[in-house]
1. Within the stretch 15-23, identify whether any single residue is among the β-branched types (Val, Ile, Thr), assigned by TED's automatic domain parsing to the domain that holds Asp85 and closer than 11 Å to Phe184 by Cα, and answer yes or no.
2. Taking Thr124 as the residue in question, decide whether it is at pLDDT below 95 and β-branched (Val, Ile, Thr).
3. Of the residues Pro38, Pro56, Pro68, Pro83, which is touching a His at 6+ places or on another chain (Cβ under 6 Å) and in contact (Cβ under 8 Å) with a residue 12 or more places away in the chain?
4. Pick out, from the stretch 214-281, the helices (runs of 4 or more DSSP H) lying fully within it that include 1 or more residues that are within 30 Å of Ser196 (Cβ to Cβ) and not assigned by TED's automatic domain parsing to the domain that holds Asp191.
5. Using the structure shown, decide if Glu189 is charged (D, E, K, R), assigned by TED's automatic domain parsing to the domain that holds Leu82 and surrounded by fewer than 19 Cβ atoms within 10 Å (Cβ to Cβ).
6. Among the residues of the stretch 1-39, how many are loosely packed, with under 14 Cβ neighbours inside 10 Å and polar (S, T, N, Q)?
7. Can you pull out the strands (runs of 3 or more DSSP E) entirely within the stretch 29-133 that have at least 1 residues that are hydroxyl-bearing (Ser, Thr, Tyr) and assigned by TED's automatic domain parsing to the domain that holds Ile203?
8. Just need a number here: residues in the stretch 23-35 that are more than 13 Å from Leu152 (Cβ to Cβ) and either without any contact (Cβ under 8 Å) to a residue 24 or more places away in the chain or within 12 Å of the chain's Cα centre (by Cα) (or both).
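The values are calculated or read from the model by the stated rules, or taken from the named source; none is laboratory data. No experiment lies behind these values; they were computed from the predicted model shown. With ideal geometry, Cβ positions are generated from the backbone for all residues, glycine too; neighbour counts draw on all protein chains shown.
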Amino acid sequence: MTSAIDAFGLTKRYGSITAVSDLNLRIEPGQVFGFLGPNGAGKSTTIRMLMALQRPTEGRVSVLGLDPHADTVAVHRRIGYLPGDLELFPRLNGRQHISWFARSRGLDDQSLAGHLVDRFQVVTDRPVRELSKGNRQKIGLVLAFMHRPELLVLDEPTSGLDPLMQREFENLLHETAAEGRTVFLSSHELDEVQRSADRIGIIREGRLVAEDTVAGLRRAAPRKIEIRFRRPVDQAELSSLRGVTVTAADGPRVKLDVTGEIGPVLRVIASHDPVDLTSRPADLDELFLSFYRQPTAKKVPNAG
């Protein structure tokens, strides 16, 4: 089966600045792929290369089995795109936008557009210039989904939406994937991505530093352990263990991050007569923040 998106060594430089570096991605049909990173990480630049709005400096990309530069019209016909910097015609209302886009795509049946208008409570009878950010975003969602594309490329799609509409959008993503269609969802919002995505890629400073399922990323995250001893202990004995980092120590209370085997840690802890112990996996937000903060992010290998 042809991948929805294949990127090989994708790189984009602007003079001496590298916006995206050696990006490799494969996204299969029917997946919701979350592309996560802080502002300025290279997410929008990657999307512009996928959409043939910019040419890569190096590398190549295939979208729905086609070269997006050589087959731009054919590719765009099969894609629904919502840019992060959505621009609409300020004097036209929502209904006029939908009609104009339907004609440009040769779309005779606008029943799906009508369904989406009702579902997202889209204001269609006022000029766009009079609408809030959230109401303009709803029009953008209708325009992206109304022709039932094979691939959705969505850049910060819930910007400006209230929580109720965000949840409705997530439901729409699940329905889209269940139909065998593919979603490339770019966002800096962790909660949005982890609720919707089958797989997640994390980009930092233009480099893909992790790609896995949500469950796989959780397995790769350090386990958080907090121990209370009867009396203060020598932290060096714990920190010398492979895969153990002492993150805090306050008298007899010690906090650890553990990425190695748990057995050696428990044996050392037990030898010092612990009074209490709690252990939990790292939250995904803690994992993502660790990728954003570390000076040089290390790539996590795929786990599934």
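1. The answer is no, given that none of the residues of the stretch 15-23 is among the β-branched types (Val, Ile, Thr), assigned by TED's automatic domain parsing to the domain that holds Asp85 and closer than 11 Å to Phe184 by Cα.
2. no
3. Values: Pro56 fails: touching a His at 6+ places or on another chain (Cβ under 6 Å); Pro68 fails: touching a His at 6+ places or on another chain (Cβ under 6 Å); Pro83 fails: touching a His at 6+ places or on another chain (Cβ under 6 Å).
Unique residue meeting the criteria: Pro38.
4. 214-220
5. Numbers: charged (D, E, K, R): yes; assigned by TED's automatic domain parsing to the domain that holds Leu82: yes; surrounded by fewer than 19 Cβ atoms within 10 Å (Cβ to Cβ): yes.
Answer is yes for this residue.
6. Restricting attention to the stretch 1-39, the residues satisfying the condition of being loosely packed, with under 14 Cβ neighbours inside 10 Å are 1-2, 9, 14-17, 24, 39.
Retained after the next criterion (residues that are polar (S, T, N, Q)): 2, 16, 24, 39.
Count: 4.
7. Because the criterion is at least 1 residues that are hydroxyl-bearing (Ser, Thr, Tyr) and assigned by TED's automatic domain parsing to the domain that holds Ile203, the strands (runs of 3 or more DSSP E) in the stretch 29-133 that meet it are 58-63, 79-82.
8. 1
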